[in-house]
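Only one structure is covered here, and it is reproduced in the block below.
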Amino acid sequence: DTGVSQNPRHKITKRGQNVTFRCDPISEHNRLYWYRQTLGQGPEFLTYFQNEAQLEKSRLLSDRFSAERPKGSFSTLEIQRTEQGDSAMYLCASSSRTVSTDTQYFGPGTRLTVL
Amino acid sequence: AQSVTQLGSHVSVSEGALVLLRCNYSSSVPPYLFWYVQYPNQGLQLLLKYTSAATLVKGINGFEAEFKKSETSFHLTKPSAHMSDAAEYFCAVSPPPVFGPGTRLSVLP
């Protein structure tokens, strides 16, 4: 069990550029979540996958955001035409859904700075 | 929609004193409840979780939390604070996953 990994750990980009983040979940976990966290706030849910199916998307996820999990393993989160308001920590978490619990294990996050 | 409130964005205690971090939730169905801790520049780490078994839940590092349905609360406690407990603490409810705004715990020598 190597834990959830995210790459890159930091990303600095100019406004209007596209960025893509990657998340590798714990290998046996079938659920994968994306969150956004800004300074002084708790994580805000963006979307989640069960295997390769994207089951829920928050209204926070504008049309500029897209997430994929093509083979039910790693996932990517792409932000197109970045804006300064997109600057945040993007967190990924994974879980193994059982009948009684849905404990999520978090990665270290990708910090995005949009200049 | 579910929501989570954490009373006090910043709590300070002396080393060795009781730690009490408050969490209240709103949910139309019995939820799963969690406490996570986030140390500076690190990811969130699960402290403990409530999943409709025992109402008093014990977690790591000496923390525990009690689920009180009548009060819709899930407060986090630790009998004796240690300097290493200084961190940000988040209460969360699921499903769907909703996190509170967090409480920053400072431990004074």
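The values are calculated or read from the model by the stated rules, or taken from the named source; none is laboratory data. Treat the numbers as computed from the prediction; the structure is a model and nothing was measured. So basically every Cβ, Gly included, is an ideal-geometry build from the backbone, and we count neighbours across all protein chains shown.
Figures for the structure shown
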read-out: Tally of residues being small (Gly, Ala, Ser) and assigned to a loop (DSSP other than H, G, I, E, B) across the stretch B:1-40; value: 7
read-out: Selection status of A:Leu55, within 27 Å of B:Pro31 (Cβ to Cβ), free of Cβ contacts under 8 Å to residues at least 40 places away in the same chain, within 12 Å of another protein chain (Cβ to nearest Cβ) and aliphatic (A, V, I, L, M); value: yes
read-out: Candidate set from the stretch B:31-54 (those that are facing chain A (nearest Cβ under 8 Å) and at pLDDT 90 or above); member that is farthest from A:Pro108 (Cα to Cα); value: B:Lys49
read-out: Every residue from the stretch B:72-109 that is of a type in the set (S, T, N, Q) and within 14 Å of another protein chain (Cβ to nearest Cβ); value: B:Ser94, B:Thr103
read-out: Residue ID - nearest to A:Gly16 (Cα to Cα), chosen from residues in the stretch A:59-74 that are among the hydrophobic types (A, V, I, L, M, F, W, C) and part of a loop (DSSP other than H, G, I, E, B); value: A:Leu61
read-out: Candidate set: the stretch A:80-102, residues that are polar (S, T, N, Q), over 17 Å from A:Ser5 (Cα atoms) and in a loop (DSSP other than H, G, I, E, B); chosen: the one farthest from the other protein chains (Cβ to nearest Cβ); value: A:Gln80
read-out: The stretch A:12-45, subset within 14 Å of chain B (Cβ to nearest Cβ) and small (Gly, Ala, Ser), residue nearest to B:Ser9 (Cα to Cα); value: A:Gly40
read-out: Lone unmet requirement of (1) over 19 Å from B:Gly102 (Cα atoms); (2) without any contact (Cβ under 8 Å) to a residue 24 or more places away in the chain for B:Leu46; value: (1)
read-out: Residue, nearest to the other protein chains (Cβ to nearest Cβ), within the stretch B:55-71, restricted to residues that are in a loop (DSSP other than H, G, I, E, B) and under 12 Å from B:Tyr36 (Cβ atoms); value: B:Gly59
read-out: Complete set of residues in the stretch B:16-52 that are surrounded by fewer than 21 Cβ atoms within 10 Å (Cβ to Cβ), out of contact with any Asp or Glu (no Cβ under 9 Å at 6 or more places or on another chain) and closer than 16 Å to B:Lys78 by Cβ; value: B:Gly16, B:Ala17, B:Leu18, B:Leu20, B:Arg22, B:Gln45, B:Leu46
read-out: Looking only at the stretch A:67-115, and only at residues there that are of a type in the set (Lys, Arg) and under 15 Å from the mean Cα position of the chain (by Cα), the one that is surrounded by the fewest Cβ atoms within 10 Å (Cβ to Cβ); value: A:Arg111
read-out: Unique residue being part of a strand (DSSP E or B), under 19 Å from A:Ile12 (Cβ atoms) and out of contact with any helix residue (DSSP H, G or I) (no Cβ under 7 Å at 6 or more places or on another chain) when the list is A:Leu77, A:Leu55, A:Leu46; value: A:Leu77
